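Notes for the one structure printed next.
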Amino acid sequence: MGLRRPRPRPLRRAGDRRRPQRHRDAGLGRTRCGHGTGPRGGQIRRRRGRSAGAGRRRRGGAGTLVRVIDLPTAALRTELVVLETLDVDDISDLLADPPRRHEDWHSSFPRQDDRDGVGMVREVSGWTSRGIRERAGGLVVGTIGFFGPPERSGDGVPEAEVGYGLVEEARRRGLMSAALPALLALTDAAGVRVRAHTEPDNAASLALLRRVGFADHGPDPDDEDQPLLVRPVS
């Protein structure tokens, strides 16, 4: 499972214009995530956050204005993990060929899925990938994040796509069960609905998604062999 790596683009900072994920009048679309094999990856920075929901407005389809929703970029701390937003240097180091390794990266990090996920959103914002740092050992063992800022769906609700993953050695220890709810608390505060897509035989990821409020939404319209799960705003 995983995403195709996008063609390289120049690094951009928050506020730059970006290509939309999909047409905002489309129905629920596609995302991917996996318990250890989903597409997000990265390393780390500390930066002052911004209030969820603050932001500009941009012109959407048919002349409508769509508010740009920002998420805080400050680190999210749980008992087991710290989620730290990537900065431009982290993104550049992850996408280098080969990656420019950091001393606090796990020896198996980054996975190709981590690199693919980071390449989806290279500008620095609350929608950028976050590194998953295990508090017990202090190493970055995976990534979690979105495939870009939310787009308005056909029913008018803003939606974002989530992806995540861990190195093999960090799985089955409850780390993603701590990381995902912490990230979803931000989308709840911002009023954003979240979609997720995983392999039908990925029982661990399906169980996690359902446990944190995702519900089955039928097959993915882009791939009928893949289940699509949707989490409403809580």
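The values are calculated or read from the model by the stated rules, or taken from the named source; none is laboratory data. This structure is a prediction, so every number in the text was calculated from the model and none was measured. Reconstructed Cβ throughout: ideal geometry from the backbone, glycine too, with neighbour counts over all protein chains shown.
Computed values, structure above
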| quantity | calculated |
| --- | --- |
| Of all residues making up the stretch 83-116, the number that are farther than 24 Å from Gly137 by Cα and either in a helix (DSSP H, G or I) or among the hydrophobic types (A, V, I, L, M, F, W, C) (or both) | 5 |
| Filter result for Ser153 (buried (at least 22 other Cβ atoms within 10 Å of the Cβ) and either at negative phi or out of contact with any Leu (no Cβ under 8 Å at 6 or more places or on another chain) (or both)) | no |
| Test: residue in the stretch 184-193 that is β-branched (Val, Ile, Thr) and more than 13 Å from Ile144 (Cα to Cα) | yes |
| Tally of residues being modelled with pLDDT under 95 and among the acidic types (Asp, Glu) across the stretch 161-204 | 3 |
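Yes or no, residue by residue, for (1) more than 18 Å from Phe147 (Cα to Cα); (2) of a type in the set (Phe, Trp, Tyr); (3) at pLDDT below 95:
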{"position": "Thr37", "(1), (2), (3)": "no, no, yes"}
{"position": "Gln43", "(1), (2), (3)": "no, no, yes"}
{"position": "Ser51", "(1), (2), (3)": "yes, no, yes"}
{"position": "Arg56", "(1), (2), (3)": "yes, no, yes"}
{"position": "Glu79", "(1), (2), (3)": "yes, no, no"}
{"position": "Asp87", "(1), (2), (3)": "no, no, yes"}
{"position": "Arg100", "(1), (2), (3)": "yes, no, no"}
{"position": "Arg111", "(1), (2), (3)": "no, no, no"}
{"position": "Arg130", "(1), (2), (3)": "no, no, no"}
